[in-house]
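The values are calculated or read from the model by the stated rules, or taken from the named source; none is laboratory data. This structure is a prediction, so every number in the text was calculated from the model and none was measured. Backbone-built Cβ (ideal geometry, glycine too); neighbour counts: all protein chains shown. Ligands, DNA and RNA are excluded from the accessible area calculation, which covers all protein heavy atoms including side chains. Shrake-Rupley method; radii C 1.70, N 1.55, O 1.52, S 1.80 Å.
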Amino acid sequence: MDKGHVELEVCPDGVAIITIHNPPVNSLSVPVFLGLRKKYEEALKRDDVKAIVLTGAGDKFSGGFDITSMQGFQKANGDDSSISFVSVDLQTNMVEGSRKPSVAAIQGLALGGGLELAMCCHARLAAPKAQLGLPELQLGVIPGGGGTQRLPRLIGLPKAIEMMLTSKPISSEEARELGLVDAIVPAKDLISTARRWALEITNSQKPKIVSLHKTDKLEALGEAREILRFARQQTMKRAPNLFHPLKCLDAVEVGIVSGGLAGLYKESEVFRECMTSDNAKALVHVFFAQRATGRIKGITDLGLKPRPLKKVGIIGGGLMGSGIATACILNGIQVFIKEINSDFLQAGIDRVKANLMSRVKKGNMSEEKFNRTLALLRGTLDYNDFKDVDIVVEAVIEKLPLKQQIFSDLEKVCPSRCVLASNTSTIDLNLVSEKINAKSRVAGAHFFSPAHIMPLFEIIRTSTTEPQVLVDLLDFGKRIKKVPVVVGNCPGFAVNRTFFPYTQASLLLADLGLDVYRIDRIIAGFGMPMGPFRLADLVGFEVGVASGMTYIEAYPDRVYKSKLFPLLMEEKRLGEKTRKGFYIYDERRKAKPDPELRKYLDKSRSLAGVMPNSKPIQLSDEQVVEFIFFPVVNEACRVLEERVVSKASDLDIASIMGMGFPAYRGGIVFWADLIGAKHIASRLNQLYKTYGNFFKPCAWLEHCAATGQPLSTKVDNNVMSRL
Ligand SMILES: C[C@H](O)CC(=O)SCCNC(=O)CCNC(=O)[C@H](O)C(C)(C)COP(=O)(O)OP(=O)(O)OC[C@H]1O[C@@H](n2cnc3c(N)ncnc32)[C@H](O)[C@@H]1OP(=O)(O)O
């Protein structure tokens, strides 16, 4: 596979243009670094070269270090000898330390190692709207090409720390204001201006700035230490399970206390250490897995192109319908929302307005943009406006006859090319489409609530869904900035099905005498956005119980039926919306533990009768995590076994985007493989002996435990059989 190269062209004015070629983002692979060294050696040696312009081919400077090689280094257990020359020998001594000035001509993006390379140059010119940033932390590593040293010296510590810790890029315009970029130049004039600039540095008409030696933007030592102390505190609060952000701050501090070069050595040491951490492996896996969800054998490799998408029809303006409508109009797609009467319609439109207004209130949307966005929404009480829609998403209550009627109507009124999708989360799509002829146009479009915020978009294919329909829905998902994952048609589809044991195992633990608030603390400490009981309050018990019933009916061999929900519901404790569930809520919806919960727990425990000798069981935090997540892994294995997803990494992404499973653990299957099937199966077998079938390991898990095969290898042939 071509891993890129570097070209050198010497112009008549004595400027050498060194260009990185490695599409699509000019990433810095080993051959690119070797090429840079070779071309720099040549340019520095040649008498006809007075100055250098460094740039990227096409419309991008560089997207940074080649992340595929990072996976290679991880597999080689951190052996990075092939790039150990980069930070000091190439970038610091050869580029930055050279007598001949270098000017970076930045277009499109300069991220990670790309920006680090640019910061070694003696000036940086950027085309408008380029993106500049150090996003390494989101890959579980730290900037390893001098970023921890040069960025603070160029723009000051607070902003540099913010850019590194958040991984968020800034625009060329902001970079110019901060001093990271010396001038903004129209793209067409970028190279010619950079050439002139480089010659002016040679002629001492412009300063030759060595970033690593700059001190004017650095705070005094005492102040710098205070800034770092505060950043560490915030980091520990925000990401208590991650060590690499703290390590990044350590590298910054060494540079401030002992000088830039000492900082570079510290940075290299930390970079190597982080690269082989489980978190970096997980986050790099997530980077590629997320981009792979849209590639499905037998669907996206058929040469089909998405059909034009201008108008979407949505049936139902409830919570889901209004959320889906919001996601569409936010991304420029016209929406017709249909309701059964004008009151419901108005309520639906008001929900969309409220969704948009919350952006305005947070300062993320102007009034003008609010009005422009809302103008894309139309309400209707009949199907007249559905004559030219491209996709319809039905989002009404979970009643099969109603859905069947709607699909019959849609088949009559919508154009024959129109995709007919249902947002059902529990009903078999084959039943939804049973009464229509156009079964090939039917698919599931399962959003997660709130639909305009949650990133996952499950696309459900039935045995009759045409590939073209899936290609259209994949495109729709991308257009509305979701991560689309195509899954098979089974109760709960991929995500809800995999996670149904999550709530049930938690309920069993509660019936075994564990404190529900402790369970929530442990699970939130593991990295979930909130614990299972807080989540149940948020979702609402009525919804929770209805979906729980689906699994009890579909998978009766492996469910746990607790009485806790019904007991709470009898007293109208329905969760956050009634301000009483497992927690009690004040007017600002802040959750507080409720001492009254005890009586419901006692009753549920006595009805369940699972506590040995009526005494609570004792479990460590780690055992609680295993008790709750190992049954989830077990169900994930069944999902793989039945080929509900086309590859294990799709389930990883679905668990992260749909359930909030921590990305730095790589997703449910990746995490399980790090632990190993052997330990998981053995623990589940112990629990199975004590508590029964709910924990019985499935065949695929047992097979992997016996053979050492990774769980993720199940669906490597990318064929879905469960449709
Ligand atoms: C030593 C250093 O300090 C360490 C580092 O530099 S670590 C790397 C730091 N850089 C990054 O984190 C940038 C990662 N990339 C991105 O954020 C985005 O890809 C981007 C903003 C560059 C482009 O986004 P977008 O236009 O939406 O395209 P996107 O689909 O993400 O990427 C296009 C292709 O380039 C690949 N790609 C992007 N950045 C890459 C990189 N740094 N290395 C290898 N491949 C990369 C993607 O995998 C994708 O490949 P595919 O088409 O086969 O799926």
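Under 20 Å from a label point 7 Å along Cα→Cβ of SER82: give me every residue in the stretch 1-37 with its amide N that close. Label zone hits: 1-7, 20-37. Each peptide among 377-389, 8-20, 32-44 gets the average number of other Cβ atoms lying within 10 Å of its residues, and from highest to lowest they stand as 32-44, 8-20, 377-389.
Report, to the nearest 10°, how far helix 495-511 tilts away from the longest principal axis of the Cα atoms in the chain, using its own Cα long axis and a range of 0 to 90°. Its long axis makes an angle of about 70 degrees. Calculated on the alpha-carbon coordinates, the convex hull of the chain measures out at 176 cubic angstrom per residue. Computed from point charges on the beta carbon alone (+1 for Lys and Arg, -1 for Asp and Glu), the dipole magnitude for the stretch 74-131 about its Cα centre is near 300 Debye.
Taking 23 Å as the straight-line reach from the Cα of LYS435, the lysines in range (excluding those fewer than 8 positions away in the same chain) are LYS338, LYS387, LYS399, LYS403, LYS412. Extension gain, LYS3 to LYS208: 0.36 nm times the residue separation minus the Cα-Cα distance gives 70.5 nm.
Relative contact order, percent, of the chain when contacts are C-alpha pairs under 8 Å separated by at least 6 residues?
It comes to 9 percent, rounded to a whole number.
Relative to the longest principal axis of the Cα atoms of the chain, the long axis of helix 244-258 makes an angle of roughly 20 degrees.
The distance separating the Cα centre of the stretch 202-240 from that of the stretch 112-150 comes to 14 Å. Which distance in Å, rounded to a whole number, links the C-alpha centroids of the stretch 639-665 and the stretch 76-108? Cα centroid to Cα centroid, the span is 38 Å.
Remark on the chain: CYS11, CYS120, CYS121, CYS248, CYS274, CYS328, CYS490, CYS637, CYS698, CYS704 stand apart, with no other cysteine beta carbon under 4.7 Å.
Calculate the dipole size of the stretch 21-98 relative to its Cα centre from +1 charges on Lys and Arg beta carbons and -1 charges on Asp and Glu beta carbons; express the result in debye to the nearest 20.
Numbers: 8 positive and 10 negative charges, 25 e Å.
The calculated dipole for the stretch 21-98 is roughly 120 debye.
Taking label points 7 Å from Cα along the Cα-to-Cβ direction, LYS592 and LYS561 give a separation of 3.7 nm. In the context of the full set of protein chains, the chain has a per residue accessible area of 41 Å² (1.4 Å probe). A dipole drawn for the chain from +1 and -1 charges on Cβ atoms has a positive end, and of TYR585, PHE476, GLY667 the residue lying farthest that way is TYR585.
The listed peptides 599-605, 99-105, ordered by packing as a protection proxy, come out as 99-105, 599-605 (highest mean of other Cβ atoms within 10 Å first). Of all aspartates and glutamates in the structure, those lying under 18 Å Cα to Cα from LYS678, and not within fewer than 8 positions of it along the same chain, are GLU622, GLU626, GLU635, GLU641, GLU702. Rounded to the nearest 500, the helix-only mean residue ellipticity at 222 nm of the chain stands at -14500 deg cm²/dmol, with each DSSP H run of n ≥ 4 adding -39,500 (n - 2.57). The phi-based Karplus calculation (6.51 cos²θ - 1.76 cosθ + 1.60; θ = phi - 60°) puts the 3J(HN,Hα) values of the stretch 649-657 at 5, 5, 6, 4, 5, 4, 5, 6, 7 Hz, whole numbers, x for Gly and Pro.
Taken over the stretch 5-276, the ratio of Cα radius of gyration to 2.2 N^0.38 Å equals 0.94.
Dipole size of the stretch 499-658 about its Cα centre, with +1 on Lys/Arg Cβ and -1 on Asp/Glu Cβ: approximately 540 debye, rounded to the nearest 20. Measuring between their Cα centroids, the stretch 1-45 and the stretch 365-393 lie 49 Å from each other.
Computed from Cα positions, the angle between helix 342-361 and the longest principal axis of the chain comes to roughly 30 degrees.
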